[in-house]
Structure formats: C-alpha cells, structure tokens
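Below: one structure, written as structure tokens.
The values are calculated or read from the model by the stated rules, or taken from the named source; none is laboratory data. Quick caveat: nothing in here was measured; it's all calculated off a predicted structure. As a convention, Cβ positions derive from the backbone with ideal geometry for all residues, glycine included, and neighbour counts pool all protein chains shown. Just the protein is used for accessible areas: all its heavy atoms, side chains included, with ligands, DNA and RNA removed. Shrake-Rupley method; radii C 1.70, N 1.55, O 1.52, S 1.80 Å.
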Amino acid sequence: MLVAKHRITGFGFGALVAAFVLAFTVAVPTSAQAAAPCKGPQCNGLLPEQGGCADGAGTLDSRTLAGATVLLRYNATCRAAWVKVVGPVGTIGTVANTANPQNTYQTRIDRGSDAHSQMVNDMGIRAAACMTVPGAGTVCTDWK
C-alpha cells in the first residue's frame, strides 16, 4: 500500500488557513456594507429593511385604541416614514405623505402581534399613520 504524505513548510498550515480566511473576509463586503441607505423618494415603496432604514429609526408619533398601538416610524438619514401597528390579528395600518395622500402603503397583522408597511418619502414633506382595529374603529397620528 502506497501512502503519500504532504507537508506544508514555512508558515505552517494554521497560518496559511488564517491568511486565506482573512483575505476572503476583507475582500468580500457584506450586502449591508455595500449598499448605502435609500434617501427620500428612493425609499418610496421599499420595506425599511430593504432600504437600509430600519436601524436608527425612531417614533415620531403614536396613538392607542382598544389596546392596539399605531406608530409613525421615521429614519432621519433616509428621510422616510412608515407605519408600525401592534395589536390583534386583523389590525390594519396605513401610511401616507402630504405630497400625495392617495399614494398610501398598508400593512395588516396576519399572525403574531405586529406588522409594518413599506416606506413613503418624507423629505421636505410630512407623513401620518392610521390604524384600524377590528370592532374598535380607526385612529390616526398627527401629520409630522
């Protein structure tokens, strides 16, 4: 039986593997590093995660109805807003901006207890969010 033995000399096998891993780690950017966040009109219709706007977002306004809450979410870097609703299954959230109030994005809690919509442009204009809770009615945030 013939057995071949290979020996890596010089740096040693561990150092070679570490150098190889480091080279590919540095050379290949992640999608989060490669993509800059959307801004204003570019964000319109994107989910906050798609546009790079979910991190660093804040709540501009909120309202509560029958134990459910509607939040007008906003990211200052992206200059975009969206609606988040927290409540029972069937709760619907809608977001719009003052530039085109008929162009709205809606979300619905189908399972779990929260959902959020796509974003609307909020660059130099204002946005508002509304929520409809089954059997309880509708409530809206102020235009912010």
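Some observations on this one:
- From the list 117, 113, the one residue that fits, being closer than 19 Å to residue 42 by Cα, in contact with a strand residue (DSSP E or B) (Cβ under 7 Å, 6 or more places away or on another chain) and either among the polar types (S, T, N, Q) or in contact (Cβ under 8 Å) with a residue 12 or more places away in the chain (or both), is 117.
- Scanning region 74-114 for residues that are under 18 Å from the mean Cα position of the chain (by Cα), over 14 Å from residue 138 (Cα atoms), open to solvent by 50 Å² or more (accessible area, probe 1.4 Å) and of a type outside the set (A, V, I, L, M, F, W, C) yields 77, 79, 84, 104, 112, 113, 114.
- Residue under evaluation residue 120, criteria (1) open to solvent by 70 Å² or more (accessible area, probe 1.4 Å); (2) closer than 15 Å to residue 57 by Cβ, criterion not met: (1)
- The residue that is nearest to the chain's Cα centre (by Cα), counting only those in region 123-144 that are within 18 Å of residue 77 (Cα to Cα) and open to solvent by 30 Å² or more (accessible area, probe 1.4 Å), is 123.
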